[in-house]
Amino acid sequence: LVNLPPLFTGGFISTDLRFPEDLPSYWTDATAALDARPHDSRVLELPGSDFAAYRWGQTQDPVTPGLMDRPWVGRELTAFGTPGSVDLVRALDRRAQEGVFDAAAVAPVARLLAAGDVLVRNDTQYERYRGPRPRTLWPQLAGAAGLGATTTYGAPVRNTADPRRPMLDEVELATPPSVPDPAPLATRAVPEPNAIVGAKPAAGATVIAGDGEGLVDAAAAGLVEPSRLVTY
């Protein structure tokens, strides 16, 4: 009893590792709205995470695909998709993770991925996997050119890192206190996404001498027209 007090104090399993029975209403509201839109396009979820660790609980897998029938694409630890598409999604997300994000790439890449909406999750335990801070990433996505209307879900609240995993670093210190707190979830519409299944003429194709990293760079520079065929 002395050596293992968590066994009788109820602390053997950390509270942030318990699977919640009920989800926050803003999650069910957001996914219901996304599911009500036409299913001829996907939902691109940003930012990625190794496992789904939300501020309200840990679910291991992302909850979005289980809450809607609409096709979904996102970057998790497990690769979902073919090598080319996985490489492209990881290249887009890597920039957000490493603080070199160029929001200008989001719209053309989302269109290439046949995503009609971008879902931004700001309620993650970002300190667990050293992910991007919501207060620094969301302003970039909120101002990203080429995207449509923005819809927020839930009341804005400060997403504070767990004191056991402090993230008081150069990114945190460089973020002005005046930067507002984002809503837990937000969506941005993507105009004219590519069809999930379609065909394009080979004439006039855009050829990328590289991989997903080069394609994201080219998209950010305005050199990619998603309606044309893109090949590596």
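Scan the range 135-144 and tell me whether some residue there is touching a helix residue (DSSP H, G or I) at 6+ places or on another chain (Cβ under 8 Å) and over 22 Å from Arg42 (Cα atoms). The answer is yes, given that some residue of the range 135-144 is touching a helix residue (DSSP H, G or I) at 6+ places or on another chain (Cβ under 8 Å) and over 22 Å from Arg42 (Cα atoms). Selection over the range 146-165 of residues that are of a type outside the set (Val, Ile, Thr), surrounded by 10 or more Cβ atoms within 10 Å (Cβ to Cβ) and either within 21 Å of the chain's Cα centre (by Cα) or under 18 Å from Gly99 (Cα atoms) (or both) gives a count of 9.
For every residue, the table says whether it meets (1) touching a Phe, Trp or Tyr at 6+ places or on another chain (Cβ under 7 Å); (2) modelled with pLDDT of 95 or more; (3) over 19 Å from Val86 (Cα atoms).
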site	(1), (2), (3)
Leu147	no, yes, yes
Leu173	no, no, yes
Pro176	no, no, yes
Arg188	no, yes, yes
Pro226	no, no, no
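Residues of the range 58-79 include at least one that is at pLDDT below 90, among the aliphatic types (A, V, I, L, M) and either farther than 28 Å from Glu213 by Cα or surrounded by 13 or more Cβ atoms within 10 Å (Cβ to Cβ) (or both).
If you go through the range 120-131 one residue at a time, do you hit one that is closer than 16 Å to Ala161 by Cβ, open to solvent by 20 Å² or more (accessible area, probe 1.4 Å), out of contact with any strand residue (DSSP E or B) (no Cβ under 9 Å at 6 or more places or on another chain) and in a helix (DSSP H, G or I)? No, because not a single residue in the range 120-131 is closer than 16 Å to Ala161 by Cβ, open to solvent by 20 Å² or more (accessible area, probe 1.4 Å), out of contact with any strand residue (DSSP E or B) (no Cβ under 9 Å at 6 or more places or on another chain) and in a helix (DSSP H, G or I). Say we look at the range 6-38 and pick out the residues that are open to solvent by 80 Å² or more (accessible area, probe 1.4 Å) and not in a helix (DSSP H, G or I); which of these is farthest from Ala155 (Cα to Cα)? Restricting to residues being open to solvent by 80 Å² or more (accessible area, probe 1.4 Å) and not in a helix (DSSP H, G or I), the top hit is Phe12. Of the residues that sit in the range 184-197 and are on the phi < 0 side of the Ramachandran plot and in a loop (DSSP other than H, G, I, E, B), which one is most open to solvent (accessible area, probe 1.4 Å)? The extreme case among them is Val197.
The values are calculated or read from the model by the stated rules, or taken from the named source; none is laboratory data. No experiment lies behind these values; they were computed from the predicted model shown. Because the Cβ atoms are built from the backbone with ideal geometry, glycine has one as well, and the counts that use them run over all protein chains shown. Side chains are part of the model used for accessible areas, which takes the heavy atoms of the whole protein and leaves out ligands, DNA and RNA. Shrake-Rupley method; radii C 1.70, N 1.55, O 1.52, S 1.80 Å.
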